[in-house]
Amino acid sequence: MARPRKDLWAPALVLVALATLPWSVQKHWTPRPDGARYVLAARSLVRGEGYRANGQPFTLRPPGFSLLLAPVVAARGVDFAALNLFVSLLGIATAVLFLVWLRARVPAPVAFAAALALWLDPEFQRGCNEVMSDVPGLGLLLLALILVRAAFARPSAALRLAAAAGIAAALYVRTANVLILPALMLEALTAPRAAGGPRLDAPRLRGAVVMLGAALLLVVPWLVWSAAQPAPDEAYGPRIQSYSSALLYGAPGESPERVRWTARLRANAAAYAALLGSGLDERAGSPARTAVAMVLLGAALWTALRRRESADWVLVLSVPMLLLYFANQPRLLLPVYALVMGAALETAWDLAHRRLSGGRAVAVPVAIAVLSIVLTFRPRFLPEDGPTRAEDLRQACAYVRDAVPPGAVVGGQVAPVVALLLDRPVVDVGREIAAGLPPTLAAMGRRGVDSVIADSAAAGVAEAERAGWDVRRFGFYAVVRRGAARP
């Protein structure tokens with residue numbers, strides 16, 4: 001009896017991705033407040049201080065990603081090369097999970113080409129090198145979708161519990177993955193039925209309810225803990241306290257009456273059409289990019305209408321969520337981009353398969369995936385001045401560490417970034433120093449701030465320098481000290 005042939009596509013993808021790591025893994029870190037908070041919380045967990053960032057309980061985001069980072073922080077400290085390598089390895093796992101998820105819909109060469117295109121996408125690589133939850137969040141979303149599909153195909157208590165655990169893990173790493181909860185119920189209610197079968201598949205619906213309930217039970221500890229925490233001090237915590245408030249209030253300090261929903265919808269639609277049509281690479285719109293985006297969305301909608309699986313419903317529900325969200329960023333579109341890419345290639349395969357022989361039909365979607373790699377690939381996917389900025393910020397923080405007494409209060413234009421590098425709580429004075437010296441003075445007076453690390457181009461830095469304050473410049477950054485005016 002002949003042994004079944006092993007599927008080597010996933011190991012091949014791993015080998016190819018590992019071979020690119022010397023190019024893709026960056027040694028420096030692009031300072032981002034979200035990434036800094038994840039590492040701050042991981043360091044706090046390692047030290048036994050609880051889930052905290054910048055000295056405050058961190059309730060805005062769940063603890064899953066910081067827990068993943070904790071072993072690296074425990075072993076290496078705040079080593080950005082090690083953190084980037086770790087998230088890149090999670091990125092390889094995400095690409096493999098994308099291959100596995102898509103492999104059930106299209107031939108293996110198509111799934112391999114699509115997964116390779118995802119791995120090489122510049123935005124995907126940026127996510128691997130900014131210590132953000134987007135890439136591992138996508139990976140766990142795909143894992144949950146694979147487990148849900150298995151639980152629906154072969155109903156059993158073990159598979160349903162595994163799917164629930166996968167959903168909970170996805171929710172603990174990225175809040176936006178909550179869309180899988182209504183998606184699995186919609187699959188149970190709307191999945192295509194066999195001819196003559198019942199309009200409502202009761203066992204399938206019961207299985208979905210079990211998965212939903214078990215997943216929610218696993219997430220309850222986080223919900224209870226976060227609800228029990230006092231509101232963080234705005235000077236040290238995120239100025240956006242929750243996603244619902246961000247959705248309704250928009251920018252911090254805005255009132256709901258000032259949110260212009262039609263303007264937000266137009267802006268988000270234009271930005272995401274350009275991003276989707278350019279492989280997450282360009283925000284600027286053009287007729288060509290809009291046309292590509294419409295073709296991709298049309299192909300995805302065609303697949304969703306035919307299959308109506310949880311992944312399809314996640315995609316359908318994600319679009320209005322992104323259009324209503326208070327910000328539009330390439331990283332937010334990453335899950336939609338992956339699901340749309342998979343659906344578009346499945347549509348291309350389905351259409352080609354109807355007209356062409358096996359090998360030629362496979363070649364069509366593979367060629368589309370290769371073309372997307374050629375058009376979107378960028379050897380440098382991070383800002384070119386990134387290493388210089390990282391070094392300038394390191395020098396500014398080293399100066400503050402030496403010149404400012406340990407008990408003095410420090411402010412930062414990007415407070416969590418400075419707090420991570422200084423290893424001390426830092427007051428957020430970002431809006432004030434960008435507005436000029438008078439609001440900066442008021443903020444420093446309210447909080448007793450001694451020194452501020454800010455972008456050297458901030459309005460408050462130049463005004464403080466003209467007023468005779470002690471301003472030390474370190475390239476892209478500057479340190480402003482109160483009460484230490486130069487003669």
Report task. Mind ranking 359-371, 283-295, 135-147 by how tightly packed they are, going by the mean number of other C-beta atoms within 10 angstrom, highest first? Result -> 135-147, 359-371, 283-295
Query raised in the report: Order of PHE58, PHE474, PHE124 from fewest to most other C-beta atoms within 10 Å?
Result: PHE474, PHE58, PHE124
Query raised in the report: Relative contact order for the chain using alpha-carbon pairs under 8 Å, separation at least 6, rounded to a whole percent?
Result: 15
Report summary line: Correct semi-axes for segment 386-481, from √(5λ) of the alpha-carbon gyration tensor and rounded to whole Å with the largest first, are 18, 15, 12
Query raised in the report: Applying 1/(1 + (r/R0)^6) with R0 = 30 Å to the Cβ-Cβ distance of THR290 and PHE476, what FRET efficiency is obtained, to the nearest 0.05?
Result: 0.30
Report summary line: Between the residues VAL362, GLY91, VAL461, the Cα farthest towards the positive end of the dipole of the chain, that dipole coming from +1 and -1 charges on the beta-carbon of Lys, Arg, Asp and Glu, is from VAL362
Report summary line: Stokes-Einstein, Kirkwood over Cα pairs, segment 261-351, 37 °C, 0.692 mPa s; D in µm²/s equals 250
Requested in this report: Report the label-to-label distance for GLU384 and GLU282 in nanometres (one decimal), using points 7 Å from each Cα along the Cα→Cβ vector.
Outcome: 1.9
Report task. Mind checking the full-extension length gain between ASP402 and ALA270? Use 0.36 nm per residue of separation minus the Cα-Cα distance, one decimal, nm. Result -> 42.8 nm
Requested in this report: Determine the gain in length on full extension of the stretch LEU89-TRP23; use 0.36 nm per residue of separation and subtract their C-alpha separation, reporting nm with one decimal.
Outcome: 22.4 nm
Query raised in the report: Using Cα pairs under 8 angstrom and six or more residues apart, how large is the relative contact order of segment 75-161, in percent?
Result: 36
Report summary line: If R0 = 41 Å, then GLN395 and TRP302, at their Cβ-Cβ distance, give a FRET efficiency to the nearest 0.05 of 0.15
Query raised in the report: Along the Cα-to-C-beta direction of GLU49, a point sits 7 Å from the Cα; which residues of segment 408-431 have their amide N less than 19 Å from that point?
Result: 408-429
**Report entry** Dipole of the chain [Lys/Arg +1, Asp/Glu -1 at C-beta], most positive-end residue of TRP23, ALA163, LEU324
**Finding:** ALA163
**Report entry** C-alpha long axis of helix 287-307 to longest principal axis of the chain, angle in °
**Finding:** 50
Query raised in the report: If you place +1 on the Cβ of every Lys and Arg, -1 on the Cβ of every Asp and Glu, and leave all else neutral, what size is the dipole of segment 386-481 about its Cα centre, to the nearest 20 Debye?
Result: 80
Report task. Arrange the peptides 79-85, 317-323 so that the one whose residues have, on average, the most other Cβ atoms within 10 Å appears first. Result -> 79-85, 317-323
Report summary line: Per the helix-only model, the chain has a calculated mean residue ellipticity at 222 nm (DSSP H runs of ≥4, -39500 (n - 2.57) each, divided over all residues, rounded to the nearest 500) of -21000 deg cm²/dmol
Query raised in the report: Charges only on Cβ, +1 for Lys and Arg, -1 for Asp and Glu: so what's the dipole of the chain about the Cα centre, in debye to the nearest 20?
Result: 1180
Query raised in the report: How far apart, in nm, are the 7 Å Cα→Cβ label points at LEU67 and THR190?
Result: 3.2
**Report entry** Computed lengthening from ARG466 to LEU200, 0.36 nm per intervening residue step minus Cα-Cα distance
**Finding:** 88.4 nm
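Every number in this text was worked out from the coordinates using simple rules, so none of it is lab data. Since this is a predicted model, take the numbers as computed values, not measurements. Reconstructed Cβ throughout: ideal geometry from the backbone, glycine too, with neighbour counts over all protein chains shown.
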